[in-house]
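These notes concern the structure reproduced below.
Read-outs throughout are calculated quantities, based only on the coordinates presented, and are distinct from any laboratory measurement. These figures come from a predicted structure and were not determined experimentally. Positions of Cβ are backbone-derived with ideal geometry, glycine not excepted, and every protein chain shown enters the neighbour counts.
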Number of protein chains: 2
Amino acid sequence: MFIPTAVILEDTHDDGRTLTNPGTSADGTRSTSDAPVRTRRKRDSLNRTVILDAAKVISERDGLEGLTFQSLGAELGAHPTSMYRHFKDKDELVLALIDSLRDRSYLGALVPTGDWRENLRIAARVVHEHYLRYPQLASQMAARTTRMPREFSNMEYTLKAFFDAGFDNEDALKYQRVFGNYVRALSSIEATSHCLPEQVQREDELAWRIQFERLDPEEYPAITAAGQPPLGIGDASTFDAGLEVLIKGLEALAESAPGAGS
Amino acid sequence: MFIPTAVILEDTHDDGRTLTNPGTSADGTRSTSDAPVRTRRKRDSLNRTVILDAAKVISERDGLEGLTFQSLGAELGAHPTSMYRHFKDKDELVLALIDSLRDRSYLGALVPTGDWRENLRIAARVVHEHYLRYPQLASQMAARTTRMPREFSNMEYTLKAFFDAGFDNEDALKYQRVFGNYVRALSSIEATSHCLPEQVQREDELAWRIQFERLDPEEYPAITAAGQPPLGIGDASTFDAGLEVLIKGLEALAESAPGAGS
DNA sequence: AGTGTTAGTCAACAGAATTGACTATCTATT
DNA sequence: AATAGATAGTCAATTCTGTTGACTAACACT
């Protein structure tokens, strides 16, 4: 058993464990040597905003799996279970974190240009960069709707682009979904693959190459003819290339659309 | 400091927990009333295949979060930690499960037609359906490469389609990645959104609609003009629509390519 | 002062992955 | 066949997680 001898006010343990407060134990007397290890936090000093700020710091530093009630408590100098006064459970906390991050990233990034294609590229870049900035949360961000306070501004921006391209209501909505899903899904996968452990990434990559070298040209003529081992799913250039293909396709569809302008 | 006084942990709960075998406990005597609850499994009766079969059953029945070493033990009538003789850790087990499932789904589904566009649709459908069949595993399937024994046949098939379309080596590889990533990423997100708890899905959907109704037409003219609340990310028709846009774009690019054939 | 509400604390619980020691069983060698 | 060695299955224990219900101190209001 480790007895925390000479517990200094600054915790900074490897494990953000509960630090006992001897001051409040059975005897009212407080021994002179040990300062109160953690004072009870001031009432109302904790709220959703403060907790979410700490959660952001932790998840950026240690990843999403490092975001636990223990680590939050350590970061805030509060008891791990304090958070339950402000969030029903961990799911609610993560959702709120996603929302708060989106608030910051999307602010004022969507400036319209005269070209609807360029506008789509801008909208795509904003979301893509946002996902890559918080790769730990990417899978959650894409699959769950959350409350989307900022999501509407992005939607407005892209929908307008499709109207500019000459699509009618129905098609504009349809292709807005296509576009949005593409951006979210690809960004999510790319980000997720980035935050696998380094070693796993290398092992997977290596395994790929080895298998590749051994392919039978009889059975796989096209692959062996192409000759290069492919890039992994985490490669960003594929995102851009796919975006351009989409835009190309949308151009073709816009030309054959009834109200084709621009 | 908490000294764990009298650590009583008689388990034998309702769940398929470890069933104690009194016959082998400290005293050699075996009380008459209780028969041995679980007999030790025959040596060599456990192996990767048997375990993966059980894992498949469990993950289809209870989802990926229901796949634990405990549940595996219960399903197999073995001790939970037996699995460690065959899999280094849970990660390795899940990876192996993904691989084994892919083996079954991809078998003989890729019959070539004369039209490269149609071939792309076929390849997309195979993967899409596979992901939707095992939604719990979808996120892992897309982000991680695993060992891909069957993945090469899919790649061969699609690469050939791009050669048929008239692309040169470099472009064929590039667009094969684009296509593959699109299919994997979209399928993954769609599947993942499907296996959220029903209630969460409804809540998210409802919150969306409510927010939608309240939008200010001044601030969001395009959205309010379009007039319909959009479909969620889990809608399959968007996958197909996006696929068609991609193919349209690829057609346009193929025409302008140097070796443009049929 | 006194009372009540509530935010922060604490101990405890259940259930997860994982580890190291133990044991039974199969295999190979004498 | 007897014995030794290897190894598959078992078991207890550890550490970490989210979560709950009781407790306690601080503030808000009479």
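Please work out the Cα convex hull volume for the stretch A:183-228 and give it in Å³ per residue.
Cα convex hull per residue, to the nearest whole number: 92 Å³.
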Per residue of B:214-224, count partner chain C-beta atoms within 10 Å of its C-beta, then hand back the mean as an integer. 4
Which trypsin sites (Lys or Arg not before Pro) does the stretch B:140-214 hold that lie in a coil by DSSP with at most 12 other beta carbons within 10 Å? B:ARG214
Explain nothing, just the number: relative contact order of the stretch B:91-159, from Cα pairs under 8 Å at least 6 residues apart, as a whole percent. 45 percent
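Expressed as cubic angstrom per residue, what is the convex hull volume of the alpha carbon set of the stretch A:168-262?
Spelled out: Cα convex hull of the stretch A:168-262, divided by residues, is 133 Å³.
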Sorting from shortest, the nanometre distances separating the label point of A:SER82 (7 Å past Cα along the line to Cβ) from those of the same residue in the other copies are 4.7
Taking a crude spin-label model, label points 7 Å out from Cα along the C-beta direction, the A:ARG41 to B:ASP216 distance in nm is 3.4 nm
So, for the Cα atoms of the stretch B:42-102, Rg and Dmax in Å stand at 10.4, 30
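Expressed as a whole percent, how much of the Cα-Cα distance distribution for the stretch A:49-150 exceeds 19 Å?
For the stretch A:49-150, the fraction of Cα-Cα distances above 19 Å is 47 percent.
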Take the Cα pairs of the stretch A:109-255, get the Kirkwood Rh, then feed it into Stokes-Einstein at 4 °C and 1.567 mPa s and tell me D in µm²/s. 75 µm²/s
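Show me B:77-84, A:133-140, B:101-108 ranked by packing, highest mean number of other Cβ atoms within 10 Å first. Please report the intermediate quantities before stating the final value.
Numbers: B:77-84: 16.2, A:133-140: 21.4, B:101-108: 14.2.
Packing proxy ranking, top to bottom: A:133-140, B:77-84, B:101-108.
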